[in-house]
């Protein structure tokens, strides 16, 4: 009996293909299709003799198959016709944009079945600006940062292996506008959707001309804290003069003092609370005061704090109402110069219960980084942060509303 001819694979997709052929001149009972991959039979199909095509499904992406076809009539079999087909790489699935705010969006997807080398992701704004990224094959998400506000973006993603690429999948999203155009504290940055701790610019009284770089703690106790002092390794000298403590010193990413002028201006924007975090190895404690402000320069930056709560004990209320002192500006009530005697600068009285700007690692009495009600005067605390945020932030953040009152 004669054999089928012109076996062809059409409409090939990553997981399917349509096989079509010309039948023999003589009538046949059935056609037998054999699918082989790497010289191993993957599947065999029996097709009725009056058919001239068969739809293959459940194929593997990026795979070469050999297809053999012959006809049967009773005990007779025809010769075999053979063709090859190559399934293309499958595309990533469910490309989605989520957690979209005014400057960022989280892009996620499901990986293809085929083995790949990498992904090519592009995102394009309506103004025509375009960026392309090459991502690792293991990646299933990326956060796009630094986006323009109130802008529609189109994201396209395709997988690649060698010179082969998958089909392109796409999604669109639109960034919003910021709740606060010129945030005056870290809490407003957080409400704008900036959730990562790090260095930000805040604007005193929302004045664009009064920008101050600060470190924002966006995780501790719901976040939104302006960190204005950090001790952690002793690499920065804190035994400094009045002029240094006024303007600030150090590195915002390491040890630093933000500056009395900046601290006073930030805390003077409304009611602020103070939090002091301290750590010794795995042991951590904190002290919180529900009010915090400083007097201006003429009033020598006098300390004003509210009610205490926390786990560290209250070592700061002793310093209530005291002006700031440095080794060259003695404003304490002691006979000696407290700042000079105890290697720091603080709101000294006669002299201190807290000395968080003391000498790093110094265990001699009252000369180190001390918090009397936690570790006494003969232990220098290895890690300290002082930070402030608007007092009403906790209630606002718990409501999770974009219509929150202005801080």
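The three principal axes of the C-alpha atoms in the stretch 186-390 carry coordinate ranges of 48, 41, 33 Å, sorted with the longest axis first. One decimal place: the segment residue 51-residue 247 gains 61.8 nm when fully extended, by the rule 0.36 nm per residue minus the C-alpha distance.
Once the Cβ-Cβ distance of residue 196 and residue 94 is raised to the sixth power relative to R0 = 30 Å, the FRET efficiency obtained is 0.70. The stretch 252-312 and the stretch 1-75 have their alpha-carbon centroids 78 Å apart. Each peptide among 352-358, 1-7 gets the average number of other Cβ atoms lying within 10 Å of its residues, and from highest to lowest they stand as 352-358, 1-7. Based on DSSP H segments of at least four residues, each scored -39500 (n - 2.57), the chain has a per-residue ellipticity at 222 nm of -2000 deg cm²/dmol. Simple spin-label model, 7 Å along Cα-to-Cβ: residue 206 to residue 113 in nm? Label-label distance for residue 206 and residue 113, simple model: 5.6 nm.
Could you compute the FRET efficiency for residue 161 and residue 222, with r as their C-beta to C-beta distance and R0 at 56 Å, rounded to 0.05? Don't jump to the answer; show the numbers that get you there.
On the way: r = 45 Å, r/R0 = 0.80.
E between residue 161 and residue 222, to the nearest 0.05, is 0.80.
Modelled label positions at residue 284 and residue 60, each set 7 Å beyond Cα in the direction of Cβ, lie 4.8 nm from each other.
So, R0 is 41 Å and r is the distance between the beta-carbons of residue 126 and residue 5; what FRET efficiency does that work out to, to 0.05? Could you put the intermediate results ahead of the total?
Working: r = 54 Å, r/R0 = 1.31.
Step by step, r from the Cβ atoms, then E = 0.15.
For the chain, report the translational diffusion coefficient in µm²/s to the nearest whole number, using Stokes-Einstein at 25 °C, 0.890 mPa s, and a Kirkwood Rh over Cα pairs. Mind showing how you got there, number by number?
Values: Rh = 26.8 Å.
Rounded to a whole number, D works out at 92 µm²/s.
So for 365, 319, fewest C-beta neighbours within 10 Å to most, what's the order? Let's see the in-between values first.
Numbers: 365 11, 319 21.
Least to most surrounded, the residues fall as 365, 319.
The modelled label-to-label distance for the pair residue 340/residue 40, using points 7 Å beyond Cα in the direction of Cβ, is 8.6 nm.
For the stretch 93-174, just say rounded, prolate or oblate: build the C-alpha gyration tensor, square-root its eigenvalues into a ≥ b ≥ c, call rounded for a/c under 1.5, and beyond that prolate if a/b exceeds b/c, oblate if not.
Details: a/c = 2.28, a/b = 1.82, b/c = 1.26.
In terms of gyration-tensor shape, prolate.
Bear in mind these aren't lab numbers, they're just calculated from the coordinates by the rules spelled out. Here the structure is a predicted model, which means the values were calculated and not measured. Glycine gets a Cβ as well: all are built from the backbone with ideal geometry, and neighbour counts include every protein chain shown.
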